[in-house]
Amino acid sequence: MGHHPTKTTSEMELLPPEIEQYLERHTSPEPEALRQLRRATHLHALRPQMLSGPVQGAFLTLLARLLQPLRVLEIGTYTGYSAICLAQAMPEGSLLYTIDVNEELQALARQHIAAAGLDGRIRLLLGPAAEWIPQLDETFDLVFIDADKAQYGRYYDLVFDKVRPGGYIVADNVLWYGKVADERAQDADTKAIRAFNEQVQADGRVENVMLSIRDGLMVARKR
Ligand SMILES: C[S@@+](CC[C@H](N)C(=O)[O-])C[C@H]1O[C@@H](n2cnc3c(N)ncnc32)[C@H](O)[C@@H]1O
């Protein structure tokens, strides 16, 4: 990770910047609504590196295009970037629920979701995810976990029975800037992500693959 000596660990990309840029230049261009949301996020929100970004965003869009999910649950809306990426490729009559504790960011998300013409497809839920999940009376085709890292394992357990057989659980930041594979990293978030990765890997109820897209995506299919 020596290619960003001036950046803090939390800002580091796993790949050298020229490779990240190359990936971006060889991925379908970011739709205008998402480009504007990315710009607004950088202007108005703290920690804009939390947003999925154009390559991971295009992958989420592709995933929704492939799976055609009718019900999606996202844990961690932030400014709505990944929600829009998924929802724009979901079929007629589908719904994406997205949960976040941050009211201020939700307002920004709401504005951009409306601008993308997706307000009928996306439901914004305000409050702690662990409180919302048990209240959702739906069967999900896809769950995207992307909120507080300490609770990834808990979210996985809470959503598991609500995912249909053949449905997917996708979790972001499973490489945690590479810290999961660095024995010296013993902070709480790194330990929590490691434990989550072990939990999925040991779970015979799923078929899983860890992808090195951006900060790492765990993709698990419920058998
Ligand atoms: C990495 S960001 C989500 C990024 C977004 N999915 C995207 O790709 O554009 C994580 C979000 O989780 C939210 N969050 C943190 N703790 C939470 C909790 N207990 N319940 C729900 N959301 C939470 C934060 O407010 C933050 O907006």
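The values are calculated or read from the model by the stated rules, or taken from the named source; none is laboratory data. Values in this document were obtained by computation on a predicted structure and should not be read as measured data. Note that we place each Cβ from the backbone using ideal geometry, even for glycine, and neighbour counts take in every protein chain shown. Keep in mind that these areas ignore ligands, DNA and RNA; they rest on the heavy atoms of the full protein, side chains included. Shrake-Rupley method; radii C 1.70, N 1.55, O 1.52, S 1.80 Å.
Could you check the stretch 54-131 for helices (runs of 4 or more DSSP H) lying wholly inside it with 2 or more residues that are under 27 Å from Gln151 (Cα atoms) and open to solvent by 10 Å² or more (accessible area, probe 1.4 Å)?
Details: elements: 54-67, 81-87, 103-115.
Output list reads 54-67, 103-115.
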Close pairs from the stretch 194-223: first within 18 Å of Leu142 (Cα to Cα) and in a loop (DSSP other than H, G, I, E, B), partner open to solvent by less than 10 Å² (accessible area, probe 1.4 Å) and of a type in the set (Val, Ile, Thr), Cβ under 6 Å, at least 6 apart
Gly216/Val174
What do you reckon, is Asp172 within 9 Å of the ligand (Cβ to nearest atom), within 22 Å of Ile213 (Cβ to Cβ) and open to solvent by 10 Å² or more (accessible area, probe 1.4 Å)?
no
Is there any pair linking a residue in the stretch 139-162 that is open to solvent by less than 40 Å² (accessible area, probe 1.4 Å) to one that is aliphatic (A, V, I, L, M) and modelled with pLDDT under 95, with Cβ under 9 Å and at least six apart or on different chains, and which?
Asp146/Met50
